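So the structure is just underneath, and the comments pick up after that.
The values are calculated or read from the model by the stated rules, or taken from the named source; none is laboratory data. Just so it is clear, the structure is predicted and the values come from calculations on it, not from any experiment. Cβ coordinates were reconstructed from backbone atoms using ideal geometry, including for glycine residues, and neighbour counts include every protein chain displayed. Just the protein is used for accessible areas: all its heavy atoms, side chains included, with ligands, DNA and RNA removed. Shrake-Rupley method; radii C 1.70, N 1.55, O 1.52, S 1.80 Å.
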Amino acid sequence: MQKKRLGILTSGGDCPGLNAAIRAVVSHASLTYGWEVLGIPYGTRGLSGRKPPIELSTCDGRGVDPLLATGGTILGSASKGYSGESVEAILTGYEALGLNAIVAIGGDGSLRIVADLAERGGWNFIGIPKTIDNDVGLTESAIGFDTATNTVVDALQRLSSTAASHDRVMVVETMGRTAGHLALHSGIAGGADAILIPEVPYSIDSVCQKIHDLKILQQRHFALVVVAEGAKTLSGESRQYTDAQGNTRLRGIGDYISDGIYHRLGDRVEVRVTVLGHVQRGGMPSAFDRILASSFGRVAVDLLAAGKSGRVVVWRAGDVESVPISELCAHCPRLVDPQGSFLATARGLGTYLGEFSPVFERASAARLQQSELTASQV
């Protein structure tokens, strides 16, 4: 193979497993094909010349490669479009670095941006999906999702014990933007009593009924409610705020749910809200995220070696495949399927998930009749 110079960058929000993907690309490109690899710092900023590239090499052999276990990204990241750089400067910078191809690790928005630049500049480009939201199209999992799920589950276990000690209802707000994958998966694994996600309408009255059922039928005086940050209010609005820098952020649906429970049940229940925030993005990547990132990195390099470009690697049925970036973007964001197996699993466990299922509604009515509750009994 002719010696090539490969660039790699991370863009968008960080997550665990990015460094494992970088490690895989560098190792496979240099050891298998003899290519040079340059790390492009802070997304496209490094291509504009404002940030010098980083020469990357394989592990020096004096122990376990620390990149496997290190969270975040050693290259830094930028999550706002071109980050103030002009398209011309970025395209010129790519040529100035003498790059033959670029691997971009990002979410659906970041991959769209780099794909657009690649088309304008005629770059060879391969994308690797990462996001704790798991909303990138056509891939069953993206780098970072598994670790974030484990982080949320750990938090739910901790909150369950303090909820039980004080007979409280704990409302836990997770990340996820417009998709409920993180809330759904962690809620199932963490034993949530109610899971509220953007894809399924819900009723606070039904959440309160679930709390009734737990107290009367199971003699359990605490509850765990998981809500995705992108879930809407009953009137169909997103809860968000504007920070001091003028950025609009999703946050506050947990407080909305908490207030709704209190207004209906009053002092008969004590409700607390926990917003997990950016703790979900940090920490050591799980074993699965390390394996996924390593597999993605290896296949990305092989695709470039085979002369393929404009594609994104994806995880399907336990194996790595690739799809055209245009096809992937057409299926973004990937939302939770209301008729999917994970929702069916949660329903089978008695978790309240929303008002979308006639079967679930009949079961809720039956439980209500069985318990013969009135507000004064709680």
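Going through segment 151-185 one residue at a time, which ones are within 19 Å of residue 199 (Cα to Cα), in contact with a strand residue (DSSP E or B) (Cβ under 7 Å, 6 or more places away or on another chain) and in a helix (DSSP H, G or I)?
182, 183, 184 - these are the residues of segment 151-185 that are within 19 Å of residue 199 (Cα to Cα), in contact with a strand residue (DSSP E or B) (Cβ under 7 Å, 6 or more places away or on another chain) and in a helix (DSSP H, G or I).
Any residue in segment 13-26 that is β-branched (Val, Ile, Thr) and touching an Asp or Glu at 6+ places or on another chain (Cβ under 9 Å)?
Going through segment 13-26, the residues β-branched (Val, Ile, Thr) turn out to be 22, 25-26.
Keeping just the survivors that are touching an Asp or Glu at 6+ places or on another chain (Cβ under 9 Å) gives none.
No, there is no match, as no residue in segment 13-26 is β-branched (Val, Ile, Thr) and touching an Asp or Glu at 6+ places or on another chain (Cβ under 9 Å).
Scanning segment 114-150 for residues that are within 25 Å of residue 192 (Cα to Cα) and charged (D, E, K, R), which turns out nearest to the chain's Cα centre (by Cα)?
133
Select from segment 312-359 the residues that are open to solvent by 20 Å² or more (accessible area, probe 1.4 Å) and of a type in the set (A, V, I, L, M) and write down the one among them that is farthest from residue 186 (Cα to Cα).
Once the filter is applied, the top-ranked residue is 325.
Which of the residues spanning segment 119-137 are among the small types (Gly, Ala, Ser) and either open to solvent by 10 Å² or more (accessible area, probe 1.4 Å) or assigned to a loop (DSSP other than H, G, I, E, B) (or both)?
121, 122, 137
Across segment 186-202, which residue is surrounded by the most Cβ atoms within 10 Å (Cβ to Cβ) among those that are of a type in the set (Gly, Ala, Ser) and part of a loop (DSSP other than H, G, I, E, B)?
Only one residue tops the list, namely 192.
Quickly run through segment 231-256 and pick out the residues that are β-branched (Val, Ile, Thr), touching a strand residue (DSSP E or B) at 6+ places or on another chain (Cβ under 9 Å) and in contact (Cβ under 8 Å) with a residue 12 or more places away in the chain.
253
Taking segment 72-116 on its own, how many of its residues are closer than 19 Å to residue 327 by Cβ and in a helix (DSSP H, G or I)?
Final tally of qualifying residues: 9.
Can you say whether residue 148 is in contact (Cβ under 8 Å) with a residue 40 or more places away in the chain, among the hydrophobic types (A, V, I, L, M, F, W, C) and more than 22 Å from residue 294 (Cβ to Cβ), as far as the supplied structure shows? Give the steps one after another, and end with the answer.
Values: in contact (Cβ under 8 Å) with a residue 40 or more places away in the chain: yes; among the hydrophobic types (A, V, I, L, M, F, W, C): yes; more than 22 Å from residue 294 (Cβ to Cβ): no.
The answer is no for residue 148.
Go through segment 253-273 and report how many residues are surrounded by fewer than 17 Cβ atoms within 10 Å (Cβ to Cβ) and under 24 Å from the mean Cα position of the chain (by Cα).
Qualifying residue count for the region: 1.
Kindly provide the set of residues from segment 241-252 that are loosely packed, with under 14 Cβ neighbours inside 10 Å and either within 16 Å of residue 197 (Cα to Cα) or of a type in the set (Gly, Ala, Ser) (or both), ordered by number.
244, 246
Of 301, 314, which residue is in contact with a His (Cβ under 9 Å, 6 or more places away or on another chain) and closer than 26 Å to residue 14 by Cβ?
301
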